[in-house]
1. What tally of residues in the stretch 55-84 results from selecting those that are part of a helix (DSSP H, G or I), open to solvent by 90 Å² or more (accessible area, probe 1.4 Å) and farther than 14 Å from residue 9 by Cβ?
2. For the structure I just gave you, tell me whether residue 87 is over 21 Å from residue 111 (Cα atoms), open to solvent by less than 90 Å² (accessible area, probe 1.4 Å) and either modelled with pLDDT of 75 or more or assigned to a loop (DSSP other than H, G, I, E, B) (or both).
Amino acid sequence: MSQQNNAKGAGLTLLTAAAAAVTAGLCCVGPLLYLLFGISAASFAIFTRVEFLRVPLMVLTVGLLLRVFWRLYISKRPWCTGRLTLTQMRVLYWFALMLILPVLFYPTLVAWFYEVFE
C-alpha cells in the first residue's frame, strides 16, 4: 500500500468517526439549541426520529477511534505519510479525540452538569 493511500485511510477513519459522533448526537440537537441559544421550534422534533441510531453510531465511533489508536500506537505497521510524521499524526489524533468525545457524549454530559451544579 502506498504512503498516500495509507494517509487517506487514517484521515478517512477519523472523518468517519467524527461524522458518526455528530450523527449520534443529532437526536438531541433541539434541546441543545434551546439550551445554548434560546432557539425553539417545533421543527426540531423531527430529529427525535433518529434517536434509535444513537447507540449503534456511538459504538461505531468508539470502534473507529480505537482502530486509529491501535494503528498509531500498537500496530507494527502504523500509518505514515510523506507530509506528517508519526508524532504529528498522534497529536492530530488526540486533537480530534478532544473534539469528537464531547460531541458524542454531550447529552450525558449536559445532564450530569445540571445534576451537579443545580
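1. Here the count works out to 4.
2. No, not satisfied.
The values are calculated or read from the model by the stated rules, or taken from the named source; none is laboratory data. Just so we're clear, the structure is a prediction, and the values are computed from it rather than from any experiment. All Cβ positions, glycine included, derive from the backbone under ideal geometry; neighbour counts span all protein chains shown. For accessibility, only protein heavy atoms count, side chains too; no ligands or nucleic acids. Shrake-Rupley method; radii C 1.70, N 1.55, O 1.52, S 1.80 Å.
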